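The values are calculated or read from the model by the stated rules, or taken from the named source; none is laboratory data. Because the structure is predicted, anything quoted here is derived from the model rather than measured. Heads up, the Cβs are rebuilt from the backbone with ideal geometry, glycines too, and the neighbour counts pull from every protein chain shown. These area figures cover heavy atoms from the full protein model, side chains too; ligands, DNA and RNA do not enter into them. Shrake-Rupley method; radii C 1.70, N 1.55, O 1.52, S 1.80 Å.
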Amino acid sequence: MQPLQGDEELRPVMLAATAGGRNTWLVGDEREVIAVDAVADPDTVLDAVDGRRVVPVVCTTDPRDNSAVLHLGERTGAPVWTRPEVGQEFTVGAVTLQAVGAPGGHPGVLLYSPTLGCAFTGDAPLGDGLGLPAETVAYSG
């Protein structure tokens, strides 16, 4: 897998754009991963997970229209967070993703990682910026 940036031991990666242009991301290390916006086919996700433990599956926006998220949770035994609360944190290895409010009154959240210097933005509108440090890289859902 190709890291997005930073420490080579951290392995965030975009799996694929799915129908409707939604992206699935994995963030983790050699033992565990967090699946972010896991709307891709669960078999595709599990191939990329490559035997690591999924802890948990987290969505930036409630994915009621996509059953792949719930199927991935069922197949891995990982908890599925379809509506994380602002302030909630998810940790894998040395990386923590913090749920922060999305800009513009969007009903979802951003998942911000100060360690990686990035935010997973889902389908939040970013016209007015992220409301995070200026150097934060945005990875859309």
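Scanning the range 83-105 for residues that are touching an Asp or Glu at 6+ places or on another chain (Cβ under 8 Å) and open to solvent by 10 Å² or more (accessible area, probe 1.4 Å) yields Arg83, Gly93, Ala94, Thr96, Gln98, Pro103, Gly104.
Of the strands (runs of 3 or more DSSP E) lying entirely inside the range 61-141, the ones with 2 or more residues being within 27 Å of Asp50 (Cβ to Cβ) and at pLDDT below 90 are found at 118-122, 137-140. Among residues of the range 41-66 that are under 17 Å from Gly28 (Cα atoms), those with a Cβ under 8 angstrom from a residue that is at pLDDT 90 or above and of a type in the set (Ser, Thr, Tyr), sequence gap 6+ or separate chain, pair up as Leu46/Thr76; Val49/Thr76; Arg53/Thr76; Val54/Thr76; Val57/Thr76. Of the residues making up the range 113-129, just one is open to solvent by 30 Å² or more (accessible area, probe 1.4 Å) and either hydrophobic (A, V, I, L, M, F, W, C) or under 16 Å from Pro56 (Cα atoms) (or both), namely Leu126. Of all the residues in the range 40-62, those that are in contact with an Asp or Glu (Cβ under 9 Å, 6 or more places away or on another chain), open to solvent by 10 Å² or more (accessible area, probe 1.4 Å) and closer than 23 Å to Gly105 by Cα number 1.
Could you tell me whether Val80 is hydrophobic (A, V, I, L, M, F, W, C) and open to solvent by less than 70 Å² (accessible area, probe 1.4 Å)? Can you show your working first?
On the way: hydrophobic (A, V, I, L, M, F, W, C): yes; open to solvent by less than 70 Å² (accessible area, probe 1.4 Å): yes.
Answer is yes for this residue.
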